[in-house]
Each structure stands twice: as C-alpha cells, then as structure tokens.
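Take a look at the structure below.
Throughout, read-outs are computed from the coordinates displayed, never taken from laboratory work. Not measured: the values here are computed from a predicted model. Here the Cβ positions follow ideal geometry from the backbone for every residue, glycine too, while neighbour counts run over all protein chains shown.
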Amino acid sequence: MKKERSLAGRWMQYGAMALFVHLASGCSDTAPPPPPPADTAQAGNGVASAGPAAEDAKLVVAFGDSLYAGYNLDQGQGLAPVLEQALNARGVKTRVVNAGVSGDTSAAGLARLAFTLDGLPRKPDLMLVGLGGNDMLRGLSPKETRANLGAILIEAQRRRIRVVLTGMLASPNMGPDYAATFNPIYPELAKRYDATLYPFMLDGVIGKRSLQLPDGIHPNDKGVTVIVKKLAPVVAGALKE
C-alpha cells in the first residue's frame, strides 16, 4: 500500500508539472506537415536513422511523440539509438529508425503514418507505437484517442507489420472519470489488434529527478537507459515471434 501511495504521489507531481509545461508551451492541436526523411542523426522530427546496421538486420520503426524523439537529448541518447544498441548487444541484429515527433497527438501521428512507412527503405519487421500522452495532457477525448490509435493499428495490420504498443496512464489530476476511460485504451487495443503491450512507457522513471530532464516529464539519458533496459526484452521477444 505504501508503494502504491508513493507511485500515486510521483504521478500526481508529474501531472501537475506536465500540464504546466503544456500550457506554457502553447502547443497547437494542428497536425504538423509531413516531415522530410532524414538519413542521419536523432532529429526527433520525423524519420531518422539511429545508425548504420547490417543488411540482414531487423528493421524497427519507433513511431511516437517526444518520448520517442529524444527530446532535448544529444545525438545517440534517445530511445531509438539506445534501443538499437541494446538489441544488438542481445544478439538481435537490428536497425531502429527514429520516427518520433515532439508534441504529436494521436491524430497527428495518424496523419503522418502512411508518409512515414512509405518513406522507409522497406517494410519494417516491427513498429513501436507510442502516442496518446499529449492527448491526455490536453484533455482530449479518450474516445478520439482510442479511434486514432485503433486506426494506426489497423493500418499496421493491413501492411502486416507487427506492433509493440507502449502505453500511457492518465495523470491523477485529470480525475477518476477521465482515467477510467483513458487507461484501458492501450491494453484493450493491444488485445483487439494482436499487438504486444508494454503497459507504461515511463515505468521506472516517473518521479525520479535523477532520471528526468529539468521539466520533470521527459527522461534524461540515464532515464532512457532505464526505459530501454525494461523495453528491450519485450521488443526482442516481439521480433522473434
């Protein structure tokens, strides 16, 4: 019980800070135009290679928001390059492509999905999907979030691309009614569309200042390492299926 209260407290702190940062940044709800493809660096603005890999390597695309994009991190410190290194260290030859866009809502992600996939050198062996956190921070309808994420998973199924869905939880300050509608989105969609579920993207990082950037939301390089340590086995398992 004490552990649960501690987690709730850290999550409440996250929610208050996240909403403050969101309001201060004045983010637009308008979907960004399709980003131009890039072949180097951790740009965090569309499609960027995490680095060179062998031709026989598995191709993974990390399709999400700022938690994927490597927000305010140096090249090589974001999710895509660190995950690529971890998978290769496990003996799973992999190239991870950074297709994260900071500020993306689920609607914005859906709008650029086809452009992103069509811009890859080939059909990916796996797609990580991490969207919905910005929907929650903006108080957007969970019904819309569910529909957008569902459409993304349907398109992945149509293209026969396996998906790992990384989940998000509603901040407690959004209220119990919102949480009751938002939180089930990820496990229910994963089950419905046969995607592998990683329940909470910020597991092990939330509320730990030593693992976060000064904004109290995004992971720093150490936080990314913690996330990848938990996420890599899930991704490796999905690649072997």
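Would you mind checking which residues have amide H under 5 Å from G76's amide H? H placed 1.01 Å from N; only 5 or more apart, or other chain.
Result for G76 returns Q42.
Once both labels are modelled 7 Å past Cα along the beta-carbon direction, what's the D221-A147 spacing in nm?
4.3
Through the Karplus equation 6.51 cos²θ - 1.76 cosθ + 1.60, θ set to phi - 60°, convert the phi angles of segment 195-200 into ³J(HN,Hα) values in whole Hz; use x for Gly and Pro.
Listing the rounded values in order: 9, 7, 9, 10, x, 9 Hz.
Tell me which aspartates and glutamates have Cα within less than 18 Å of K93's Cα, excluding those fewer than 8 residues away on the same chain?
Within the straight-line cut-off, K93 pairs with E55, D56, E84, D125, E241.
Take the residue pairs K123/K230; K143/K222; K191/K229; K123/K143 and return only those whose Cα atoms are more than 32 Å apart.
Too far apart for the 32 Å limit: K143/K222.
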